[in-house]
Amino acid sequence: MTIYTKVRAVEKVFQQLEKEISAFQKTTGMHCIASCGRCCIKPDISATPLEFLPLAYHLFKTGEASAWYERLKTTGAQLHCGVFIPLKKTSDHGFCQKYAYRGLICRLFGFTAMRDKNGEARLVTCQTIKTEQPESYQKGILHAEKGNIVFMRDYYFRLSAIDPELGREMMPVNDAIRRALEAVFSYYAYRRLRKVS
C-alpha cells in the first residue's frame with residue numbers, strides 16, 4: 001500500500017469519526033471550550049505514528065517536513081504537543097496549528113468512551129467539560145451507559161488494520177509525529193532513487 005493510500009484510508013476513518021462525534025455533541029451539548037489547550041499540554045499524551053501520517057504527508061507536500069522533523073528531534077519529549085501553540089509562554093490556552101491534520105487521540109478525547117474492568121462504558125472527557133458543562137456532561141454519561149457513544153478502542157482497531165506496524169505502537173505524541181515523518185521520508189526517498197535509476 002502506498003503512503004498516499006494509507007493517508008486516504010486514515011482520513012476516511014477520521015471522516016466517519018467526525019460524523020459520530022458530531023452527532024454525540026449535538027445530542028448532549030458537550031463541546032470543547034474555545035482556545036482551551038489543557039489536553040494538548042499534558043506531558044503523558046500517547047499516540048500512534050499512523051494517526052499522524054496525514055499530518056506528515058501534508059508537511060512533506062508543503063515542504064515543511066524537514067524543519068518540523070528537526071524541531072521535534074531536538075525538542076524531544078517536550079511538555080506539550082509540538083503542534084500546539086500557546087497564546088502565552090506559560091498558558092494552557094492556545095490553538096492547534098494543524099487542526100485539520102490532528103491525530104486520532106485529539107479527535108477522540110472528550111467525546112468517546114472506554115470500557116472499565118467490569119466492561120461498563122465510561123465517558124472519557126476532561127475536567128473542564130465536567131465542571132463547565134455539568135448538564136451536558138450528565139447527558140454524555142447517560143449516552144455512554146446506554147452504549148450510544150463511540151468507543152476509543154474501535155477506532156484504534158480500525159487504524160491498526162490499515163498499517164499494523166504504524167498503528168499499534170503507542171508512544172509520546174511528539175515521537176509519534178516524528179515517526180510518521182520518518183515513514184514518509186523513507187517511502188519517498190526510495191521512490192526518488194527508483195525514478196533516477
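Can you pull out the trypsin sites (Lys or Arg not before Pro) in the stretch 62-171 whose DSSP state is coil and whose Cβ has at most 14 other Cβ atoms within 10 Å?
Qualifying residues, ordered by number: LYS88, LYS89, LYS117.
How far, in nm, would the chain grow between MET171 and CYS96 when pulled straight, counting 0.36 nm per residue and subtracting the alpha carbon separation?
The span from MET171 to CYS96 would gain 25.0 nm if fully extended.
Pairs LYS12/LYS98; LYS98/LYS146; LYS6/LYS130; LYS42/LYS146; LYS73/LYS130; LYS19/LYS139: which are spaced more than 27 Å apart, C-alpha to C-alpha?
Details: LYS12/LYS98 18 Å; LYS98/LYS146 34 Å; LYS6/LYS130 36 Å; LYS42/LYS146 30 Å; LYS73/LYS130 35 Å; LYS19/LYS139 19 Å.
Correct reply: LYS98/LYS146; LYS6/LYS130; LYS42/LYS146; LYS73/LYS130.
At what distance in nm do the modelled label points of GLN127 and CYS36 sit from each other, each positioned 7 Å from its Cα along Cα→Cβ?
1.2
Report the one residue of HIS143, ALA23, THR2 whose Cα lies farthest in the direction of the positive end of the charge dipole of the chain (charges on C-beta: Lys and Arg +1, Asp and Glu -1; origin at the Cα centre).
The Cα lying farthest towards the positive end belongs to THR2.
Just need log10 I(q)/I(0) for the stretch 106-177 at q = 0.11, 0.23, 0.26, 0.28 Å⁻¹, Debye formula, equal scatterers on the alpha-carbon atoms, no solvent, rounded to two decimals.
Evaluating at q = 0.11, 0.23, 0.26, 0.28 Å⁻¹ gives log10 I(q)/I(0) of -0.34, -1.04, -1.15, -1.22.
Classify the stretch 101-142 from the C-alpha gyration tensor, please: rounded if a/c falls under 1.5, else prolate or oblate depending on whether a/b exceeds b/c.
oblate
Taking H placed 1.01 Å from N in the peptide plane, check which residues at least 5 places from ALA47 or on another chain put their amide H under 5 Å from its amide H.
MET171, VAL173
Estimate the FRET efficiency between LYS12 and LYS88 by the formula 1/(1 + (r/R0)^6), using the beta-carbon distance for r and 30 Å for R0, to the nearest 0.05.
Working from the Cβ atoms, E equals 0.20.
Just rank CYS81, CYS39, fewest to most, by other beta-carbon atoms within 10 angstrom. List each step's numbers first, then the result.
On the way: CYS81 25, CYS39 20.
Exposure proxy ranking, most exposed first: CYS39, CYS81.
What do you get for the angle between helix 65-75 and the principal long axis of the chain? Use alpha-carbon atoms, 0 to 90 degrees, nearest ten.
On a 0 to 90 degree scale, this one is about 70.
Just flag the GluC sites (Glu not before Pro) in the stretch 142-173 sitting in loop per DSSP whose Cβ has no more than 16 other Cβ atoms within 10 Å.
Sites meeting the loop and neighbour criteria: GLU169.
Once fully extended, how much extra length lies between PHE185 and GLU20, figured as 0.36 nm per residue of separation less the alpha-carbon to alpha-carbon distance?
Length difference between fully extended and current span is 56.1 nm.
Expressed as a rounded percentage, what relative contact order does the chain have, with Cα pairs under 8 Å and six or more residues apart?
Answer for the chain is 34 percent.
Could you state, as a whole-number percent, how many of the C-alpha pairs of the chain are farther apart than 24 Å?
Above the 24 Å cut-off, the chain has 43 percent of its Cα pairs.
If I take R0 = 30 Å and measure r between the Cβ atoms of THR62 and THR5 in this structure, what FRET efficiency does the formula 1/(1 + (r/R0)^6) give, to the nearest 0.05?
0.95
Using +1 on the beta carbon of Lys and Arg, -1 on that of Asp and Glu, and nothing else charged, what's the dipole of the chain about the Cα centre, debye to 20?
Dipole size: approximately 520 debye.
Quick check: net charge around GLN25, other residues with Cβ under 13 Å of its Cβ, Lys/Arg +1 and Asp/Glu -1?
Summing Lys and Arg as +1 and Asp and Glu as -1 gives +2.
Bear in mind that the values in this text are calculations on the coordinates, not laboratory data. As the structure is a computational prediction, the values presented were derived from the model and not from experiment. Counting neighbours? That spans all protein chains shown, and the Cβs are built from the backbone with ideal geometry, glycine included.
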